[in-house]
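Notes to accompany the following structure.
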Amino acid sequence: MERRKKQNEGLLSVYPPPPWYSRYFTDENVAKVKDLQSSDNSQLLEAPLKYLTPPSPPEAGAYHNFGDVWQVNDKLATLEDLGITQVYDGAAIRGEGQESGARVLELKKLTKSLLLAFVELTGIMGVSPEQFPAKFEHVRVLLINIHHILNEYRPHQARESLVTLMQQQINDKKQHVENIRQSCDKVRDTIRVLSKQFDQVDEFEETGGVTTEEVKYVSGKDKDLLVVKMAEQVL
Amino acid sequence: MADRLTQLQTCVDQMLTQYFSALTHINTNHGFKSLAGEELVKDDTVPVVTDEERERTLEELAKDLVVKSQQIDYLIDSLPGIGSSEEHQMQQIEKLQKELEHYDQVTEDVIKEKDELLEHCDELILKLAQRKAHIDVESM
């Protein structure tokens, strides 16, 4: 009783005080719990010591957060749960139906029905406006059905997006590898050309005569200069 | 850009808004008819609309609704992955996962190759520089 009162006080103040169990977090208690846990006696924790260990997360049911109720197991509530008549063929769009595009068909049926329902509603409003609630309910049910069928499709779209993203990533990687390979080839070619010219000059040195057109008129120590110049040119 | 499903849902909601505006428009812009020889009712709060004008706006409203419906149909047809089953998608994802890992390996190899080549280049440049320095000294 006393505890409840304290909690209520907490809700009323502008800045809520720490939760009531915080006063059990004394150095002494913390040490005791540690001791007990290390000796595998954690099951035997009793109040107030059991307040020191966090409870295990809930596995089912609902919880409140930011003024809304959330399901612990996050799943799309079925229309039945929401108390709405399901007007589309649920079995057709699941399993086999996904491949044959049955969902497209059902969706189109729904949108056509929606348009028709609206036209009917307009007609009713013109002739006997007091009868509109029934037709209005039709429109409402149809709309909820459309939104539901689309939301059901979300996981499918998520997988599809993942596939697209992965394909994109693979293409990027391919391009990346290709770019590196090209640069490598270019560098390798340059080196090959250069070393060929080096060889020519070396040959020139060995024979002491004319070997190729390029080094025809070069003699003495100029040949090394020529190599350097060639290298600069190629680079 | 929003995904297709959200686009589609937005479109449906927009259509609903159109329904509402259409009804509201008809409700506020109508003429009066005399019933059983009674005198025609007059209401200053209701704007006077000629029959032609009314017909025109009605047609416009209808056309807008049709266009919107066509948009929705188009979006339904272009829903992503409408032709593939969940099983097929999972297989595809698995396959792509393997491919991605393969390309990670390839990238690693290529980068290694590149580093080696770079090292080789460093060596060559160093060699060249030494040779040049040698010539410079000799020619001085």
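Observations on the model:
- The length gained on full extension between A:THR78 and A:VAL187, counted as 0.36 nm times the residue separation minus their Cα-Cα distance, comes to 33.0 nm.
- The slack in the chain from B:GLU101 to B:ASP3, taken as 0.36 nm per residue of separation less the alpha-carbon distance, amounts to 32.5 nm.
- FRET efficiency for the B:GLU38 to B:VAL67 pair, using the beta carbon distance and R₀ = 41 Å, is estimated at 0.50.
- Under the Karplus curve 6.51 cos²θ - 1.76 cosθ + 1.60, θ = phi - 60°, whole-Hz ³J(HN,Hα) for the stretch A:14-29, x wherever Gly or Pro sits: 5, 10, x, x, x, x, 4, 7, 5, 6, 7, 7, 7, 3, 4, 5
- The mean count of C-beta atoms from other chains within 10 Å of the C-beta of residues in A:75-84, rounded to a whole number, is 0.
- At least 50 Å² accessible surface lost relative to isolated chain, residues of the stretch B:26-58 (1.4 Å probe): none
- The stretch B:101-140-the stretch B:14-55 distance, computed between alpha-carbon centres (Å): 85
- Pairs exceeding a 23 Å alpha-carbon distance, out of B:LYS33/B:LYS68; A:LYS186/B:LYS95; A:LYS112/B:LYS63; A:LYS173/B:LYS98; A:LYS173/A:LYS196: B:LYS33/B:LYS68; A:LYS186/B:LYS95; A:LYS173/A:LYS196.
- Of the chymotrypsin sites (Phe, Trp or Tyr not before Pro) in the stretch B:1-44, those whose Cβ has at most 11 other Cβ within 10 Å and which sit in DSSP loop: B:PHE32
- Spin-label model, A:LYS50 to A:GLN37: label points 7 Å out along the Cα-to-beta-carbon direction sit 1.7 nm apart.
- Within the stretch B:1-96, trypsin sites (Lys or Arg not before Pro) in DSSP loop having at most 11 other beta-carbon neighbours inside 10 Å: B:LYS33, B:LYS42
- Averaged over the residues of peptide A:124-130, the number of Cβ atoms from other protein chains lying within 10 Å of each residue's Cβ is 1.
The values are calculated or read from the model by the stated rules, or taken from the named source; none is laboratory data. This structure is a prediction, so every number in the text was calculated from the model and none was measured. Quick reminder, even Gly has a Cβ in these numbers, built from the backbone with ideal geometry, and neighbours come from all protein chains shown. What goes into the accessible areas is simple: the full protein's heavy atoms, side chains included, and nothing from ligands, DNA or RNA. Shrake-Rupley method; radii C 1.70, N 1.55, O 1.52, S 1.80 Å.
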